[in-house]
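Each remark here refers to the structure printed beneath this line.
The values are calculated or read from the model by the stated rules, or taken from the named source; none is laboratory data. Worth saying up front: this structure is predicted, and the values here are computed from it rather than measured. Methodologically, a virtual Cβ is constructed for each residue, glycine included, from the backbone with ideal geometry; neighbour enumeration extends over all protein chains shown.
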Amino acid sequence: MTGHGASLEESSGGLRPPLPQHAFDPAPLAAWMGQHVENFRGPLEVYQFAGGQSNPTFLIRTAKASYVLRRKPPGKLLPSAHAVEREYRVISALRPTKVPVAKTYGLCEDTSVIGSAFYIMEYVEGRIFWDAALPEVPAPDRRAIYMEMIRVQAELHSVDYRAVGLGDYGKPDHYIERQVARWTTQYRGAETEKIEAMENLIDWLPRHVPPGEQTSIVHGDYRLDNTIFDPNKPRILAVLDWELSTLGHPLVDLAYHCTRFRLPASSFHGLGGLDASSLSIPSEQECVTEYCRIRGLPPIPPKDWAYYMVFCMFRLAAILQGVLARALQGNASSASALEAGRRTRPLAELAWRLAQQSLNAAHN
């Protein structure tokens, strides 16, 4: 499997000719890259990756090198969504740190080149795992892969964001409250039907925010298929898809990563309903414990952890609703977008059940 921008909803990462709604004239791109990308020599060929629901992602191939291009999609966009400029900034800032990221070559905000803003980064060869059960990996390596995911996320959350020039990359306080408000707004902007569980969550989340502020760089979409692993070792070569990154609460970022343990294998490529131990995969609790050990943190209160998990499911449901809205408009970047978007309701219902369990546990 080769490396590229990926998506939770995709099950494979193949290349294809650019979709008609995402195609562009390669000549102006070649001219721009000739001026802005070191050692670039055309001509070039353009292929589109099957992954990347949000920002269309392309392989740019020349006779001597390959690059990845990430662009904003066409059509009407929600405010603050598809921020390729932020992706470019955070990847560039993290390059000198211990967080593995691709090298960036250039950002173009001139929409006359290919029709929207885009950036160019290196093409990283490696493995992307789409199935959380890791069926293609020998059992002894599966635990190591999951622990590497935790190690790199702990590394990210330990970066001094001011020292790498990201002191203004987000607001440091009241992250959860602002995120609840933001994703409520995003969901409302993409709403296509009333979903009772989403209405319940929109009411419940602002009233149960755990106390305590923590701030770090957060990826916002950290999961197995947004990482490229070494072809032969359980080592991450690059973390992908930084569109949702900001300054925020690191434990919320960790909880999003850990939703894999609760999301159904059938519809989300998760581990829900599977016996992780029989697969030699560490449990959710083992991953959380290892994260806290690496960062020197005390154990996370169960009630707080349940809240973070509920919020992350709510946010993912809001994202999927946006995928559905774009699919209905006809400008989503994946043929499976319609199917993915229709998972909004069952995910919201799963989150609401967890919220109710948390309330009941607190009252017992």
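Here the condition is being at pLDDT 95 or above, in a helix (DSSP H, G or I) and under 20 Å from Asp221 (Cα atoms); of Val288, Val323, it holds for Val288 alone. Going residue by residue through the range 164-173, is there one that turns out to be touching a helix residue (DSSP H, G or I) at 6+ places or on another chain (Cβ under 8 Å) and crowded, with 21+ Cβ neighbours inside 10 Å? Checked the range 164-173: no residue is touching a helix residue (DSSP H, G or I) at 6+ places or on another chain (Cβ under 8 Å) and crowded, with 21+ Cβ neighbours inside 10 Å. For Asp225, state whether it is acidic (Asp, Glu), surrounded by 20 or more Cβ atoms within 10 Å (Cβ to Cβ), touching a Leu at 6+ places or on another chain (Cβ under 6 Å) and in the same structural domain as Arg353 (by TED's automatic domain parsing). In short, no. Considering only residues in the range 122-166 that are among the basic types (Lys, Arg) and under 19 Å from the mean Cα position of the chain (by Cα), the one that is modelled with the lowest pLDDT turns out to be Arg127. Residues being crowded, with 19+ Cβ neighbours inside 10 Å, modelled with pLDDT under 90 and of a type outside the set (A, V, I, L, M, F, W, C) are entirely absent from the range 61-69.
Of everything listed in (1) in contact (Cβ under 8 Å) with a residue 60 or more places away in the chain; (2) out of contact with any Ser or Thr (no Cβ under 7 Å at 6 or more places or on another chain), the single unmet condition for Tyr161 is (2).
Of the residues making up the range 112-142, those that are in contact with a strand residue (DSSP E or B) (Cβ under 9 Å, 6 or more places away or on another chain) and of a type in the set (S, T, N, Q) number 1.
Of all the listed residues (Asp160, Asp173, Asp168, Asp131), the sole one being outside the structural domain of Gln357 (by TED's automatic domain parsing), not hydrophobic (A, V, I, L, M, F, W, C) and not in a helix (DSSP H, G or I) is Asp131. Answer yes or no: is there a residue in the range 137-152 that is surrounded by 16 or more Cβ atoms within 10 Å (Cβ to Cβ) and in a loop (DSSP other than H, G, I, E, B). So far as the range 137-152 goes, yes, one or more of its residues are surrounded by 16 or more Cβ atoms within 10 Å (Cβ to Cβ) and in a loop (DSSP other than H, G, I, E, B).
Just one of the numbered conditions (1) modelled with pLDDT of 95 or more; (2) not assigned by TED's automatic domain parsing to the domain that holds Asp230 is not true of Ser116; which one? So the condition that Ser116 fails would be (1).
Within the range 18-74, being of a type in the set (Val, Ile, Thr), under 25 Å from the mean Cα position of the chain (by Cα) and over 16 Å from Ser336 (Cα atoms) holds for Val46, Ile60, Val68.
The lone criterion from (1) in the same structural domain as Leu237 (by TED's automatic domain parsing); (2) among the acidic types (Asp, Glu); (3) in contact with a Lys or Arg (Cβ under 8 Å, 6 or more places away or on another chain); (4) farther than 30 Å from Leu279 by Cβ left unmet by Glu87 is number (1).
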